[in-house]
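Notes for the one structure printed next.
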Amino acid sequence: MGIDRRQAIRTAGTLAVAATTVAACDTGTPPPAAPSPSAAHLATHPAEIVHGSRNRPQVAFTFHAQGDGTLIHNLLDALATAGVHATVLAVGSWLAANPDLGRQVLAGGHELGNHTQNHLNINQLPSAKAYTEISSCAEAVRSVSGSIGPWFRPSQAVHASARVRALAGTVGYPTCLSYDVDSLDYTDPPPDTVVRTTLNAVQPGSIVSMHFGHAATISALPRILAGLHTRGLHPVTVTELMRP
């Protein structure tokens, strides 16, 4: 069997599973399981993660990735200065337009995941469109990192709907990533507010939602890290947070 024919068979199989899942989601029938080798280590996790263990002194910073390149460089520099590794969830259209920034994220020791292609309200989209939003971003991540990344987070939603979780599983994300601390930095409040909002809510095992492209986030970060340090909490990636 030639290489082109093998590739055609693999592609046809992928499209068939996707079509079956989209149809199943539209009719309410549970979709078929679709294990992903790239995410096999997540198989023991629930369908959605909101936080990690409350018994370990760790928290995970997650950043939604899109926005002004200069601000992003400054934030990555601040993380590097602090020796902090985070989980970066890229908007696919932004990543496709800024692959060098995606590679800089990886070079800094951060992990790169999926935050949909166009940051639409994914829970409200028709199944076929929602699937495309997830799968297109997965390919954007793969083009930069060589894999689809370990995590998918729904756009414009704290929690993925059951339908979106099923679609994400078909793409290769058996676990969707939520959070229990919202810094609200995307509303562009003063840095003091970002610090206060985050530190008032954080606890062991927390997953903190933050954003690239906002000046207040950069200003607030050193004080947030100092506040975590005084509590004996250490920032890690989500993958590290969820290790047994």
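No value in this document is a laboratory result; all are computed from the given coordinates. Here the structure is a predicted model, which means the values were calculated and not measured. As a convention, Cβ positions derive from the backbone with ideal geometry for all residues, glycine included, and neighbour counts pool all protein chains shown.
About its Cα centre, the range 60-143 has a charge dipole of approximately 160 debye under the convention of +1 per Lys or Arg Cβ and -1 per Asp or Glu Cβ, with nothing else charged.
Can you tally the net charge around Thr198? Count Lys and Arg as +1, Asp and Glu as -1, for every other residue whose Cβ sits under 14 Å from the Cβ of Thr198. Summing Lys and Arg as +1 and Asp and Glu as -1 gives -1.
Between amide H atoms placed 1.01 Å from N, distances below 5 Å from His234 occur with Gln58, Val59, all of them 5 or more places distant or on a separate chain.
For the range 73-88, 3J(HN,Hα) computed residue by residue from phi via the Karplus equation (6.51, -1.76, 1.60; θ = phi - 60°) reads 4, 5, 5, 4, 5, 5, 5, 5, 4, 7, x, 9, 10, 10, 9, 10 Hz, glycine and proline entered as x. For Leu76, the shell of other residues with beta-carbons less than 14 Å away shows a net charge of -3, using +1 for Lys and Arg and -1 for Asp and Glu. Net charge of the neighbourhood of Met210, taken over other residues with C-beta under 11 Å away and scored Lys/Arg +1, Asp/Glu -1, is -2. Per-residue 3J(HN,Hα) values for the range 129-134, derived from phi via the Karplus relation 6.51 cos²θ - 1.76 cosθ + 1.60 with θ = phi - 60°, read 5, 4, 4, 5, 4, 6 Hz in sequence order (x marks Gly and Pro).
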